[in-house]
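The values are calculated or read from the model by the stated rules, or taken from the named source; none is laboratory data. Worth saying up front: this structure is predicted, and the values here are computed from it rather than measured. Don't worry about glycine lacking a Cβ; one is built from the backbone with ideal geometry, like all the others, and counts go over all protein chains shown.
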Amino acid sequence: MRPGSFLGQHILNSPLIRLLLQRLGISFIVLIGVSMLIFVIARVIPGDPARIALGPNAAPEQVASLRAAMHLDDPIVVQYGFFVLDVTRGDLGKSLYTNRPVTVDIVQFLPATLELVFAAGIIMVGLGLPLGILAARYHGRWPDNAVRIFALLTVSAPSFVWAVILMLLFAFYLPLFPIAGRISDIYEIDRVTGFMTIDTLIAGNLVAFQDAFSHLVLPAVALSLSGIGQAARLTRANMVETYEKPFIEMAQAYGFFPSRIARIYVFKPSLIPSLTIIGLDFAAMLGNAFLVEAVFAWPGLSRYGVAVILRKDLNAIMGTVLVIAITFLIVNILVDLLIAFLNPRIRYSTRVDA
Amino acid sequence: MIRTLRIVGQNPLSLLGLILVALVVLAAALAPWISPFPSHNGAVVDFVYANQGPTARNWMGTDLVGRDILSRILYAYQISLFLSLVVLAIAPPVGTLVGLLAGYMGGWVETILMRIVDVFLSIPPLVLAIAMMGVLEPTLTNAMLAVTVMWWPWYARLVYSLARSEREEGYVLAAEVIGASTAHITFREILPNCLPAIITKMTLDMGFVIIIASSLSFLGLGVQPPTPDLGSMVAEGARYLPDSWWLTVFPGLAILVAVFGFNLLGDGLRDLLGVDE
Amino acid sequence: MTPLLAINSLTLAFKNLFQHTPVLHGISLSIAKGEKVALVGESGSGKSVTARIILGLLQETATAEIGGEVWFEGRDINAMRKAERAALRGTDMSMIFQDPTSSLNPTYTIRSQFVEVLRRRTADLSRGDCDERMISLLEEVRIPDPLRVLEAYPFQLSGGMNQRVMIAMALANRPKLLLADEPGTALDVSVQAQTLSLMHHLVDNHQTAVLFISHNLGVMREFADRVYVIYRGRIVEYGSTGSLFAGPLHPYTQALMAAVPRITGSGLPDLPEISDTFLAPPVSHGGTL
C-alpha cells in the first residue's frame, strides 16, 4: 500500500470529513434542483423576456437579435444548458435596473444583508436559548408561562410589523437609535469586507463603528424577534424532554445544583436537536430581511431584490434567488457540522472496549 | 367535538385563542353589516376626513383619502382568511400525499420525491413566494398560487418523517403480514396516525399563511389597491410615520391579533392531541 | 446502637386538583451501619419512590404529599431544608440506577462527569488529584484501562463497563448509605451477577450500608442481610434473609418466590385490597422494622 493512499484513507475515515463530503454532495444535487426551479419560474413569465428587456418601443429586428443572443429560440433544455454554463462562469447576466452585471450588484449588496442576518442570528441565539433554559428550569411555573406568551406573541406578527413598531417606539418617540440606513453620511469608510461594523473597526474609527452599530440594532432586533420566540420554545420543549431522562435523575441524585444541571447537563443534549431548527430559522430570516430592509431603508440584497422584481428584471431576480439559496445551503452545512461537533456520537463512532 | 371544546375551555390561553379566532372570523363574515363605512372597501375618497387620527366617527382613524381604517381592516380580514383557507385546502393534501408515498414506499420513489422537497425547502420560504410573484402578475389568485407552491413541501416533510417512523410500528407489520395492500396500509393504517400532527400544523398555519400573504402585499407583490389588504395598508402608512401612526399601527395590530389567536389555538390543540413540537 | 437510617410510618400521596392517590401507607424500615438490606416488591409497589424520598428528591415535587419520618444519622430528612437535603446527596448518600448506559450523560466524557462527582465532597480538588482518585477507583472496580475509559463517552462503553463506572462513582465519596435501584436489571444476567458480586465485595470493604431495591427475590438472597417485602405501599413481611427464605409466611412473599423464573403471565396473586391478609400487621421474622 502506498503511503499517500493510506493518508487519504485516514482522512476519509474521520466522521466529520465524511459528513462534510456527504453534505456537500447532497447540497450539490439540491443546488442543481434549485437552478432548475429558478429557471422554470423565470420562463413561466408571460410575455417575451427580450421585449421586456428592450421596452415597448424597440424595433422587431432588435427584439429578434436579442432573442437569438439570449438563446430564447432554442429548446428549453438547451436554454437551461446555456444558463448553467453562464452561472458556472460567474456570469449572471446584466441587470436592466442598474445596467451593470448582476454579479457586481450582488457583490455590492449581499454583505449588508449578511451583516443584518448574522446580527439577528446572534440575537436570536443569545436571547432565545437562555429564555428557553429559563422556561424549562421553571417548567409549569410563571417564568415558563411568561416565555410561552412572549414566544407566541413574537411569532404572531410579520417582521415588518415589528420593524414599524420598534421604529416608532425607539427611533421616533424615544430617539435612542437612528431611523434608517447603515451609517450616517458624514463618515467615509473604505470598503474591505462590506460589513460596516467590521470595516469601521478596520479603519480604526471607533466613533463610526458606534454609529454603524446603532444603525444595526433596530433592524437586527426586528428581524430576530420571531426567531427568538421559536428558539426559546424549541429549547424549552427539548429540555423538558431531557429532564425526564435517567441521566438527569442521576445528576439530581448526586446533589448537583439545579441551575448547573439546567445549564450543563440538560442544555447540551437538548441543544443538538434545536440547532437544526435554528438553521431553518436562519432561512426564514434571509426571507424576512426583504421586509425589514424595506422598512429601515437598509441598502442590502433584499431591497435590491424587491426593486428588480418590481421592474421584472429577470437576470437580477434569478441571480438574487440563486445567491440566497446558496447562502442558505452553506449555513445549513455549517449547522450540520456544528451538530456533529457537539454530538460525540457522530464524532466518535467507535467503541473503546469493543 | 364537544369534549374537545370543553378541554380547550379549561386552558385559559387556548380559550383566549378560540375567542380571538371566533372574533376575527365573525368580523370578516359580518364585515358588510358591522363595518361603519361598508363602501370604504373600494376606491372611494372622502377628503373632508382625510388622514385623521382616531375619533368617535372613525375609531381607528382614516387613511390618506379619508377612508375609515376600521372598515378596511374588517374587509381585509375577509381576503386574508379566504386566502389562508384556499392555501390550506390545497397544500396539506398535496404535501401529505407526497410524504406518505415517499415515507411508505421507500426506494427510488422516496429518493426522487424527497430530493424535490429538499429543493423547495432550500429556498427560504418567503423568497420563493417573492420570486414567483416577481414573474407573475400581482393578483389574489397568483398570490394564493405562490403561497401554495411554497407551502406544500413542509407538509410533505412532516408527513414523510411521521410515516417513516410509523412504518416501523408493529401494527403496520401486522397489516403487512395479513396481506393488506399498500394503499390500504398507507391510507387506512398510517394516515390516521399522522392526522393529529397535520391538524395541529394546519391550525398554526392559518396564522402563518396570513403572515406570508401580508408580507407579499407589504412588498407590493400581492393584492393590489384599492382592495383592502393588511400588508399593503402598513406599507402605505409607513411613509407617514410617526405623525400618522394610525395608518400602520392598527393594520399591524390587526395581523397580530388574528395570528396570535390561531397560534394560541394551535398550541392548545398540540397539547390536547399530544403532538411533539 | 441507633440505626443509620430509620423510616417511621412513611406515607406518600400524589395529589392534583381532582385526585388524591395514596402510594405509601405508612411503611417503616431501618438499616444499621454497614448493613445490606433489600426492599423487594413488584413495580408500582412503592419501592422506587421510597428510595427517592430517602434521597430527598421527591420532597421537592409540588404534587407529592409526604408524611412520617426518615431519620438519617439522627436527623429527619423530611424536616430538613432543601439545601440540607441537597448537601447529603452525592456525599453521605449515593445511588446506582437500573440502566447504567442511559444514566450517564451521552454528551460528556466519563472524566468530566466523574470529576463533578468527586468535587461534590471536595470542591477544590485539583485536576491531578482528581485523576489519581478516579484511576484508583476505576481500578477498584477492575476496569482494565482506566485512562481510556475516562476519555470515553458512555455510548462507547459496554453496559457492564458503564455499570462498573457507575459503581465507582457511587462509592467515590465514601457514602454511608448506597441506594441501588434494580442495579443492572438492564444488563445480561451474567454481567449483572458479576457486577453485583463486585459491588458486594466493595461495600463490605468500605463498611457502606446498602438499600437494594428489586423485584427479584432470588438475586437478593445472595446479597442482602435482611429483606423487607413491600406490596401496594405496605410492608407485608420482613426478617433476616435466611429465615425469610426458609419459611415465607405471607401469601404475597410465597407467590413472589414462586414467581421468580417465570417468563409468561404475571404469576403474582392479586390480593383483594380489603381483606384480613392485606391489612394484617407485617409478618416478622424477628428484628426491628
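Here are a few things to note about the model shown:
- Test: B:I190 is among the hydrophobic types (A, V, I, L, M, F, W, C), in contact (Cβ under 8 Å) with a residue 60 or more places away in the chain, within 30 Å of A:V34 (Cα to Cα) and part of a helix (DSSP H, G or I): no
- One residue from B:A50, B:A22, B:A89, B:A28 being small (G, A, S), modelled with pLDDT under 90 and surrounded by fewer than 22 Cβ atoms within 10 Å (Cβ to Cβ): B:A50
- Out of B:A213, B:A197, B:A175, sole residue that is touching a residue at least 12 places away in the same chain (Cβ under 8 Å), under 20 Å from B:W154 (Cβ atoms) and surrounded by fewer than 24 Cβ atoms within 10 Å (Cβ to Cβ): B:A197
- The residues of region B:112-140 that are away from chain A (no Cβ under 11 Å), over 15 Å from the mean Cα position of the chain (by Cα) and assigned to a helix (DSSP H, G or I) amount to a single one, B:L113.
- Considering region B:238-248, and only residues there that are in a helix (DSSP H, G or I) and modelled with pLDDT of 90 or more, the residue that is surrounded by the fewest Cβ atoms within 10 Å (Cβ to Cβ) turns out to be B:W246.
- Selection count, region A:171-201, where residues are surrounded by 15 or more Cβ atoms within 10 Å (Cβ to Cβ), in a helix (DSSP H, G or I) and hydrophobic (A, V, I, L, M, F, W, C): 4
- Test for C:H201: is it more than 14 Å from every other protein chain (Cβ to nearest Cβ) and either in contact (Cβ under 8 Å) with a residue 60 or more places away in the chain or closer than 23 Å to C:V115 by Cβ (or both): no
- In summary, B:V98 fulfils each of the numbered conditions (1) part of a helix (DSSP H, G or I); (2) out of contact with any Asp or Glu (no Cβ under 8 Å at 6 or more places or on another chain); (3) under 29 Å from A:L223 (Cβ atoms) with the single exception of condition (3).
- Qualifying residue in region A:137-146 (condition: assigned to a helix (DSSP H, G or I) and aliphatic (A, V, I, L, M)): yes
- Given (1) surrounded by 20 or more Cβ atoms within 10 Å (Cβ to Cβ); (2) assigned to a helix (DSSP H, G or I), number of the condition B:M60 does not satisfy: (2)
- The condition (being of a type outside the set (S, T, Y), surrounded by fewer than 21 Cβ atoms within 10 Å (Cβ to Cβ) and in a helix (DSSP H, G or I)) is satisfied by just one residue among C:D129, C:D99: C:D129.
- When residues of region C:61-90 are limited to those that are under 21 Å from C:E116 (Cβ atoms) and without any contact (Cβ under 8 Å) to a residue 60 or more places away in the chain, the one nearest to the other protein chains (Cβ to nearest Cβ): C:R89
- Qualifying residue in region A:232-254 (condition: in a loop (DSSP other than H, G, I, E, B), in contact (Cβ under 8 Å) with a residue 24 or more places away in the chain, within 14 Å of chain C (Cβ to nearest Cβ) and on the phi < 0 side of the Ramachandran plot): yes
- Look at (1) modelled with pLDDT of 90 or more; (2) more than 15 Å from A:A112 (Cα to Cα); (3) under 19 Å from the mean Cα position of the chain (by Cα); (4) of a type outside the set (A, V, I, L, M, F, W, C) and you find that A:T235 fails only one, number (3).
- Failed criterion for C:Q194 (all others in (1) outside any loop (DSSP other than H, G, I, E, B); (2) at the interface with chain A (Cβ under 9 Å from one of its Cβ atoms) hold): (2)
- Unique match (being assigned to a helix (DSSP H, G or I), closer than 27 Å to C:M220 by Cβ and modelled with pLDDT of 85 or more) among C:L178, C:L171, C:L118, C:L147: C:L171
- Extreme residue, nearest to C:I7 (Cα to Cα), among residues of region C:53-90 that are crowded, with 18+ Cβ neighbours inside 10 Å and out of contact with any strand residue (DSSP E or B) (no Cβ under 9 Å at 6 or more places or on another chain): C:R85
- Only listed residue being out of contact with any His (no Cβ under 6 Å at 6 or more places or on another chain) and within 20 Å of C:L187 (Cα to Cα), chosen from C:G128, C:G159: C:G159
- Of everything listed in (1) closer than 30 Å to C:A51 by Cα; (2) crowded, with 20+ Cβ neighbours inside 10 Å, the single unmet condition for A:P258 is (2).
- Restricting attention to region B:199-257, the residues that are among the aromatic types (F, W, Y) and under 14 Å from B:L81 (Cα atoms) add up to 1.
- Among the residues of this structure, C:I7 does not count as one that is under 25 Å from A:I248 (Cβ atoms) and either in a strand (DSSP E or B) or touching an Asp or Glu at 6+ places or on another chain (Cβ under 8 Å) (or both).
- Residues in region C:44-60 that are assigned to a helix (DSSP H, G or I) and more than 13 Å from chain A (Cβ to nearest Cβ): C:K47, C:T50.
- Qualifying residue in region C:172-187 (condition: surrounded by fewer than 19 Cβ atoms within 10 Å (Cβ to Cβ), more than 19 Å from C:M93 (Cβ to Cβ) and among the β-branched types (V, I, T)): yes
- Helices (runs of 4 or more DSSP H) enclosed by region A:265-349 - at least 2 residues per element that are among the charged types (D, E, K, R), surrounded by fewer than 20 Cβ atoms within 10 Å (Cβ to Cβ) and more than 10 Å from chain B (Cβ to nearest Cβ): A:344-347
- The one condition in (1) within 30 Å of A:P158 (Cβ to Cβ); (2) in a helix (DSSP H, G or I); (3) in contact (Cβ under 8 Å) with a residue 24 or more places away in the chain; (4) more than 14 Å from chain C (Cβ to nearest Cβ) that A:A208 fails to fulfil: (1)
- Some residue of region C:24-43 being at pLDDT below 90, among the small types (G, A, S) and surrounded by 18 or more Cβ atoms within 10 Å (Cβ to Cβ): yes
- Any hit, region B:217-229, residues being within 17 Å of the chain's Cα centre (by Cα) and not in a loop (DSSP other than H, G, I, E, B): yes
- Of everything listed in (1) more than 14 Å from chain A (Cβ to nearest Cβ); (2) over 27 Å from B:P93 (Cα atoms); (3) among the basic types (K, R), the single unmet condition for B:R239 is (1).
- Candidates B:P228, B:P251 - the one that is touching a Phe, Trp or Tyr at 6+ places or on another chain (Cβ under 9 Å), more than 8 Å from chain A (Cβ to nearest Cβ), crowded, with 22+ Cβ neighbours inside 10 Å and closer than 25 Å to B:I19 by Cβ: B:P228
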